[in-house]
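Notes follow the structure.
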Amino acid sequence: MTLSIAHLGPPGTYTEQATVFYVNWLTKSTGVEASLCPYPTIAQSLHAVADGKAHMAVVPVENSIEGSVTMTLDTLWQLDSLQIQLALVLPIVHTLISCASSLDKIKTVYSHPQALAQCQGWLGRFLPTVQIIPSNSTTEALQRLEQETTTGAIASSRAAQLYKLPILASAINDYPENCTRFWVVSQGEANAKYEASKVPTSHTSLAFSMPANTPGALLKPLQIFAQRGINLSRIESRPTKRSLGEYLFFMDLEADAKEAQMQSALAELTMHTEILKILGAYNVLPISAVTL
């Protein structure tokens, strides 16, 4: 059986790069073959898994410079059947790709909003007057560059090679230690047999809403984990989209959901939340530049 893995396209995106690494790792670890299925948006790649059109999806969830990818969080909250199986951490190095003869000829720059934000300092210094246009992915605009010689796009050097386009500037992200965390997501435990090992997981991600916006409402959930010595590696709020001032909370915990301490914490947490969703228990797999 060949697994189909959805990801943000077109080819050459950082998400595809992380997906290629995951496929190679999966094949080497388990012998399972996989094919890549690009989708125009992150939400569509997650819906493809929920609708049974793909076995898994690789989606970005957090960048070290710009923080969380809200489309991923919001869509996972909406889709009850999806579970995180693994996290991947990819180093991100942005380049400016263009057929312009020099930087001063560029009038427009396209890229994904996250990539544009990660390079906003560089853009302000070297291209202060250009028009910045967000796109669905870092590679969406690349096919137009040969016809529009005053246009540039921010993407990876791998994307420039794939599309056979020149790089005008390299390593333009504002902070050199730039990396993005991705989640490998599937329907429930259905694809757990494709994991390379059954070792205890290192992280658990969950999300919950509160029954009421009252003083100290968030304190109790935090105390539940603190009292048990369970470390939170991330907490994030997102609007419920029901009413202004109502929020969901996303948490990453450095613990295995199956551990007794976590089971006890989760049982108590249900008494203080309106809706509680366990998004998955998983390990983190770093991707070094050497392996790409």
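If you go through region 49-78 and pick out every residue that is within 16 Å of the chain's Cα centre (by Cα), under 16 Å from Ser186 (Cα atoms) and among the hydrophobic types (A, V, I, L, M, F, W, C), you end up with 9.
The set of residues in region 238-263 being exposed (fewer than 13 other Cβ atoms within 10 Å of the Cβ) and outside any loop (DSSP other than H, G, I, E, B) consists of Ala260, Gln263. For region 159-181, taking the residues that are among the β-branched types (Val, Ile, Thr) and over 9 Å from Ser98 (Cβ atoms), the one that is surrounded by the most Cβ atoms within 10 Å (Cβ to Cβ) is identified as Thr180.
Hey, any hits in region 113-122 for a residue that's touching a Ser or Thr at 6+ places or on another chain (Cβ under 7 Å) and small (Gly, Ala, Ser)?
As a first pass, look at region 113-122 and keep what is touching a Ser or Thr at 6+ places or on another chain (Cβ under 7 Å): 115.
Then keep just the ones that are small (Gly, Ala, Ser); that gives 115.
Yes; the residues of region 113-122 include at least one that is touching a Ser or Thr at 6+ places or on another chain (Cβ under 7 Å) and small (Gly, Ala, Ser).
Do you know which residues across region 15-74 are hydroxyl-bearing (Ser, Thr, Tyr) and assigned to a strand (DSSP E or B)? I'd like the intermediate steps shown before the answer.
Within region 15-74, the subset hydroxyl-bearing (Ser, Thr, Tyr) is 15, 19, 22, 27, 29-30, 35, 39, 41, 45, 64, 68, 70, 72.
Residues satisfying the conditions are Ser35, Tyr39, Ser68.
Here Gln85 clears all of (1) over 30 Å from Thr150 (Cα atoms); (2) touching a Gly at 6+ places or on another chain (Cβ under 8 Å); (3) surrounded by fewer than 20 Cβ atoms within 10 Å (Cβ to Cβ) except the condition numbered (3).
Here's the yes/no breakdown for (1) without any contact (Cβ under 8 Å) to a residue 40 or more places away in the chain; (2) in contact with a Cys (Cβ under 6 Å, 6 or more places away or on another chain); (3) of a type outside the set (S, T, N, Q); (4) surrounded by 22 or more Cβ atoms within 10 Å (Cβ to Cβ):
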{"residue": "Cys37", "(1), (2), (3), (4)": "yes, no, yes, no"}
{"residue": "Glu66", "(1), (2), (3), (4)": "no, no, yes, no"}
{"residue": "Thr70", "(1), (2), (3), (4)": "no, no, no, no"}
{"residue": "Ser81", "(1), (2), (3), (4)": "no, no, no, no"}
{"residue": "Val93", "(1), (2), (3), (4)": "no, no, yes, no"}
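Do you know which of the residues in region 264-292 that are of a type outside the set (Gly, Ala, Ser), open to solvent by less than 20 Å² (accessible area, probe 1.4 Å) and in contact with a Ser or Thr (Cβ under 6 Å, 6 or more places away or on another chain) is farthest from Gln187 (Cα to Cα)? By that ranking, first place goes to Tyr282.
Pairing residues of region 205-233 that are under 20 Å from Ser264 (Cβ atoms) and in the same structural domain as Thr273 (by the TED database) with residues that are assigned to a loop (DSSP other than H, G, I, E, B) and of a type in the set (A, V, I, L, M, F, W, C), at Cβ distances under 6 Å and at least 6 apart in sequence or on separate chains, gives Ile230/Ala255.
Each residue in region 114-142 was checked for being part of a helix (DSSP H, G or I) and crowded, with 16+ Cβ neighbours inside 10 Å, and 9 pass. Residues in region 108-134 that are more than 18 Å from Tyr175 (Cα to Cα) and in contact with a Leu (Cβ under 9 Å, 6 or more places away or on another chain): Val109, Tyr110, Val130, Ile132, Ile133, Pro134. Listed conditions (1) surrounded by 17 or more Cβ atoms within 10 Å (Cβ to Cβ); (2) touching a Cys at 6+ places or on another chain (Cβ under 8 Å) are all met by Ser156, apart from (2).
With the structure loaded, tell me whether Ser101 is part of a loop (DSSP other than H, G, I, E, B), open to solvent by less than 10 Å² (accessible area, probe 1.4 Å) and either of a type in the set (Ser, Thr, Tyr) or not assigned by the TED database to the domain that holds Ser237 (or both) or whether it fails that test. Considered against the rule, which asks whether it is part of a loop (DSSP other than H, G, I, E, B), open to solvent by less than 10 Å² (accessible area, probe 1.4 Å) and either of a type in the set (Ser, Thr, Tyr) or not assigned by the TED database to the domain that holds Ser237 (or both), Ser101 comes out as no.
Going by the conditions given, is Lys220 under 26 Å from the mean Cα position of the chain (by Cα) and open to solvent by 30 Å² or more (accessible area, probe 1.4 Å)?
Numbers: under 26 Å from the mean Cα position of the chain (by Cα): no; open to solvent by 30 Å² or more (accessible area, probe 1.4 Å): yes.
In short, no.
The values are calculated or read from the model by the stated rules, or taken from the named source; none is laboratory data. Quick caveat: nothing in here was measured; it's all calculated off a predicted structure. Here the Cβ is made from the backbone with ideal geometry for all residues, glycine too, and neighbour counts use every protein chain on show. Only protein heavy atoms, including side chains, enter the accessible area calculation; ligands, DNA and RNA are left aside. Shrake-Rupley method; radii C 1.70, N 1.55, O 1.52, S 1.80 Å.
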